[in-house]
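Scroll down for the structure; my scribbles are underneath it.
The values are calculated or read from the model by the stated rules, or taken from the named source; none is laboratory data. Since we're looking at a predicted model, the values are computed, not measured. Because the Cβ atoms are built from the backbone with ideal geometry, glycine has one as well, and the counts that use them run over all protein chains shown.
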Amino acid sequence: MGSSKERERIEEKTKELIKDIVKERGLRLFDVEFKPEGRGWTLRVIVDKFGGVKLADLERLSRTISPLLDVEDFIPHSYNLEVTSPGLTRELKKPQHFAFFIGRLIKVITKEPVEGKREIVGFIDDIENEVLKIRLKDSQKLVHIPLSVIAKARLEVEW
């Protein structure tokens with residue numbers, strides 16, 4: 001166990017299995033991750049909702065999907081189920097992560113300069129064809145950043 005294809009298969013099957021349940025509870029599915037952590041494996045279900053996720057939301061969802069995963073039994077070994085929220089400064093990696101947070105403030109560090117900068121702070125305007133569009137916080141100028149040049153991108157907290 002551990003090939004990236006096998007992990008992706010487990011993540012996709014989990015998403016398919018739980019997406020309607022997540023939606024019925026007023027939540028949005030941010031991502032599913034299946035990876036080794038410590039001495040075992042963790043299946044992490046990451047959800048969000050407008051106004052923020054409460055601990056009770058996470059507990060209810062966990063209690064609902066845990067038996068469903070047990071019945072479906074498509075994960076070939078033991079794992080820990082973790083149901084969580086993206087957090088205030090979640091790292092964004094996939095196109096769907098950026099799409100999920102359109103309108104939110106992020107900080108992007110690029111591998112090479114984009115319009116003369118390697119650090120860009122602004123609001124996600126759109127993501128299209130593997131290009132992130134950010135409206136700069138300080139000038140409102142729209143900057144296009146190909147995902148291929150992003151070294152790191154994280155949500156920023158607005159105070």
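Structure data summary
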quantity: Options I102, I134, I145, I150; residue that is under 21 Å from the mean Cα position of the chain (by Cα), at pLDDT below 95 and of a type in the set (V, I, T); calculated: I102
quantity: Flag if L68 is closer than 30 Å to S148 by Cβ and among the aliphatic types (A, V, I, L, M); calculated: no
quantity: Candidate set from the stretch 36-86 (those that are at pLDDT below 90 and among the basic types (K, R)); member that is nearest to H97 (Cα to Cα); calculated: K49
quantity: Boolean, P95 is within 30 Å of A56 (Cα to Cα), of a type outside the set (F, W, Y) and touching a residue at least 12 places away in the same chain (Cβ under 8 Å); calculated: yes
